[in-house]
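The values are calculated or read from the model by the stated rules, or taken from the named source; none is laboratory data. Remember, predicted model here, so these are calculated numbers, not experimental data. Virtual Cβ from ideal backbone geometry, glycine too; neighbours counted across all protein chains shown. Areas reflect the complete protein model, heavy atoms only, side chains present, ligands, DNA and RNA absent. Shrake-Rupley method; radii C 1.70, N 1.55, O 1.52, S 1.80 Å.
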Amino acid sequence: MLGPVECRDGAGRPVRLGGPRHREVVARLLVARRRVVPVDRLVADLWEEPPPGATGAVRTFVAELRRALEPGRRPRTPSRLLATEGPGYVLRPDPGADAVDAWHFEAEVARAAGLAPAEAAPVLDAALATWRGPAYADFPGARWAHAERARLAELRLHAVERRADALIRSGAPREAVWDLDAHVAEHPWREDGWHLLATALLRSGRQGDALGVLRRARQVLADQLGADPGPGLARLEREVLRQADHPDEAAPATGDEVWSSAAAAYEGSVPARSPARLEATASLLRELAVTGAGGLGAARRHRAAAVAAAERTGDAELAARVIGVYDVPAVWTRVDDPDAARTVVRTAERVLARLPGDAPETVRARLLASVAVESRGDALAEGALPRAADPPGGAREPWRRRARQAADEAESAARRLHDAPLLAFALNGTFLQSFAHCGQAARRDAIGAELVRLARTHGLLGPEVLGRLIRVQALAGLGDLPGADHQATAADHLADRYERPLARVFTTWYRALRTTLATPADLAAPEAAEVTEAAYAEAIALLPTCGMPGFATGLPALTRLAPVVRAGALPAPEAFAEADWGPYDPWVRPLLLLGDNRPDEARETLRTAPRPPHDLMAEPMWCLLARAAALAGDPVLAARAAAVLGPAEGQQAGAASGLLTFGPVVTYLAEAREAAGG
């Protein structure tokens, strides 16, 4: 049972059980542990919607299994192994625990508990070696296996920790370090694992590495559970810091003193070029990035250097951990530093290619999630993007396809591993890669809702803030303003309570959008412009100090343009002479030229215009292109814009960004379709 379900005879030869349903019957009966399972229960467990004749099919499976499991049994002789009793069937392997690997594993773990450490370690080692993969691996979605799979997985984690403890106690701490390092990477919420790893390092004479592990544990527990380390970890940390014989000694009285003492001990104990220092630096940068604009900018400047230094060590797993630990929630789809993003992605891909085959799956999955997050929008595109009038795909399509593949693989691995922090990171990548098509607000709302549920179940602060901000954007795009209001309020509460100031930037911009969405559609353009200017005053004031140039640049000018295009007018050149359009200039410029009565130049600009990036501003930029194409008489581009915007027909252009709106998408669709002759 400890892996894909399989059966062997007394000589160790494989027994062919038949198809997947046959193996599932065997597994389901073994889960019952020699108790009868009624036929109707078997039918319900094997099929979500039982087909006609399901009961007869189960009886056929049982008959065929009896022939496979007891080939020497005479006809019409009752089966000793797979018996019919009352309303169902029961599977009774030999009484010895060795008959079923899961039962043998349990028995050996229980036996090791009564042995001396030197004797327990090899027993647990042999027991753990019986695992060939997750329990009942070929039935991952079966409800009947869920509780048993979870119980066995927990028992396995307990056995890993008890084996490490036995090695440490028997004088072999170095042998425990590697497995424990992988263990805490895959299961970072288990304080016993962190304690054992730090103890093993300490007993191996690696005090600096032990301190680095304890600091990492403190950061992980705070980030993922919102909790401080338990008493055991806290005592061990004090012991390492003070090099004392009495681990119960009181800690320094203030947080500043603890920080100063720990920092001094770390600086004095950890060599400048040690892997522990690199990992600690990467973890610190992650924490720094969420403290505000200054911290985000500093983390961004130093991260690429840390990644490069880790790769230069030649240790692929170390480089993978340094890259993958930076799971800073990302809600905006345009990167602040495209060059740095390209560097991280290319390094991650090289490290992925060099990772050893036995590297922990969670390390590989974090690298894939990093690729997906850093590749958001068109972060990897170099030079001009494909023209808007070109067919779908273009020269950059392989980059986008790889990023979406990385997101899918990371999410699948996280679900398979039941790793909540990893799943949150992977879902961030899935969200950032969900912009291949317009009109996907409902899909993104589902991603945000799952992030919120996951975060609240497992105490993950960052992912909860992220999930709520994603929902603010998506619900605004879907027109559910009360729902978006609720999510914005919850995000503000978390931001204030846990010092996440950047969340306020996005909720303040949403509330400005909220005001414009509530403005009467028939309000004259001058009055609408006044309402918009007043609504966005506070939001725009936050931009110079938000530390997010990829978010901030160009937005003030777009808020001034919005009421003009909502009214169906062309922008007056003199009104926007000093406007900084930032990255949005290629899609605004044709309208500005048309407003300046320069249609030939507008048509030429449209001919060379790049396709809007796959990001939160794609829909409003396509709307600008649709209108310009219609007014300039470009039927090819108008048809392309209509095709792209079609899935968003019922939405407000730009509202799903949580920032601004150019009005109903259907208006621009009608203009584009008419210009295209459709």
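Here are the numbers:
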item	result
Among (1) assigned to a helix (DSSP H, G or I); (2) more than 18 Å from R132 (Cβ to Cβ), the one test that R33 misses	(1)
Pair list, Cβ < 7 Å and 6+ apart or interchain, from region 140-161 residues that are within 30 Å of E175 (Cα to Cα) to residues that are assigned to a helix (DSSP H, G or I) and open to solvent by 70 Å² or more (accessible area, probe 1.4 Å)	E161/D192
Region 489-504 residues that are without any contact (Cβ under 8 Å) to a residue 24 or more places away in the chain, paired with ones that are in a helix (DSSP H, G or I) (beta carbon under 6 Å, 6 or more apart)	A490/R468; D492/T507
Hits in region 123-138 - residues which are within 30 Å of the chain's Cα centre (by Cα) and either part of a helix (DSSP H, G or I) or surrounded by fewer than 21 Cβ atoms within 10 Å (Cβ to Cβ) (or both)	L128, W131, R132, G133, P134, A137, D138
Test for P613: is it more than 20 Å from E674 (Cβ to Cβ), touching a Gly at 6+ places or on another chain (Cβ under 9 Å), touching a residue at least 60 places away in the same chain (Cβ under 8 Å) and surrounded by fewer than 20 Cβ atoms within 10 Å (Cβ to Cβ)	no
Restricting region 81-93 to residues that are without any contact (Cβ under 8 Å) to a residue 40 or more places away in the chain and assigned to a strand (DSSP E or B), the residue that is most open to solvent (accessible area, probe 1.4 Å)	T84
Within region 279-316, considering residues that are open to solvent by less than 30 Å² (accessible area, probe 1.4 Å) and charged (D, E, K, R), the one farthest from T347 (Cα to Cα)	R286
Residue list for region 416-440, filter: in contact with a Leu (Cβ under 7 Å, 6 or more places away or on another chain) and either modelled with pLDDT of 95 or more or among the hydroxyl-bearing types (S, T, Y) (or both)	L423, A424, L427, N428
Flag if A102 is surrounded by 11 or more Cβ atoms within 10 Å (Cβ to Cβ), in contact (Cβ under 8 Å) with a residue 60 or more places away in the chain and part of a helix (DSSP H, G or I)	yes
Condition check for P50: within 25 Å of R21 (Cα to Cα) and out of contact with any helix residue (DSSP H, G or I) (no Cβ under 6 Å at 6 or more places or on another chain)	no
Selection within region 140-159 - in a helix (DSSP H, G or I) and either under 25 Å from V43 (Cβ atoms) or open to solvent by less than 20 Å² (accessible area, probe 1.4 Å) (or both)	R143, W144, A145, H146, A147, E148, R149, A150, R151, L152, L157, A159
Verdict on G448 being at positive phi and touching a residue at least 24 places away in the same chain (Cβ under 8 Å)	no
Boolean, G633 is touching a residue at least 24 places away in the same chain (Cβ under 8 Å), open to solvent by less than 40 Å² (accessible area, probe 1.4 Å) and not hydroxyl-bearing (S, T, Y)	no
Given (1) in a helix (DSSP H, G or I); (2) surrounded by 16 or more Cβ atoms within 10 Å (Cβ to Cβ); (3) within 42 Å of the chain's Cα centre (by Cα), number of the condition R66 does not satisfy	(3)
Residues of region 482-492 that turn out to be under 22 Å from R286 (Cα atoms) and either β-branched (V, I, T) or surrounded by fewer than 21 Cβ atoms within 10 Å (Cβ to Cβ) (or both), as a count	1
Of all residues in region 1-35 being acidic (D, E) and open to solvent by 30 Å² or more (accessible area, probe 1.4 Å), the one that is farthest from L81 (Cα to Cα)	E6
Sole residue being closer than 19 Å to D223 by Cβ and either surrounded by fewer than 24 Cβ atoms within 10 Å (Cβ to Cβ) or touching a Pro at 6+ places or on another chain (Cβ under 9 Å) (or both), chosen from G439, G462	G462
Number of the condition not met by V665 [criteria: (1) in contact (Cβ under 8 Å) with a residue 24 or more places away in the chain; (2) surrounded by fewer than 23 Cβ atoms within 10 Å (Cβ to Cβ); (3) of a type in the set (V, I, T)]	(2)
Entirely in region 514-617, the helices (runs of 4 or more DSSP H) that have 1 or more residues that are more than 30 Å from E374 (Cα to Cα)	525-542, 555-566, 585-595, 599-607
Criterion: in contact with a strand residue (DSSP E or B) (Cβ under 6 Å, 6 or more places away or on another chain), open to solvent by 30 Å² or more (accessible area, probe 1.4 Å) and more than 19 Å from E154 (Cβ to Cβ) - qualifying residue of P78, P51, P38	P38
Any helices (runs of 4 or more DSSP H) falling wholly within region 283-376 and containing at least 1 residues that are over 15 Å from the mean Cα position of the chain (by Cα)	293-312, 316-324, 338-354
Single residue of E533, E574 found to be at pLDDT below 95, surrounded by fewer than 18 Cβ atoms within 10 Å (Cβ to Cβ) and farther than 23 Å from R511 by Cα	E574
Those residues of region 618-657 which are of a type in the set (D, E) and assigned to a helix (DSSP H, G or I), in sequence order	E619
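Residues are listed down the side, and each one gets a yes or a no for (1) part of a loop (DSSP other than H, G, I, E, B); (2) surrounded by fewer than 24 Cβ atoms within 10 Å (Cβ to Cβ); (3) at positive phi:
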| residue | (1), (2), (3) |
| --- | --- |
| A176 | no, no, no |
| L196 | no, no, no |
| G205 | yes, yes, yes |
| Q219 | no, yes, no |
| Q224 | no, yes, no |
| R235 | no, yes, no |
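Listed here are the residues, each with its yes/no results for (1) basic (K, R); (2) in a helix (DSSP H, G or I); (3) at pLDDT 85 or above; (4) within 20 Å of D9 (Cβ to Cβ).
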position	(1), (2), (3), (4)
P78	no, no, no, no
P95	no, no, no, yes
A118	no, yes, no, no
A121	no, yes, yes, no
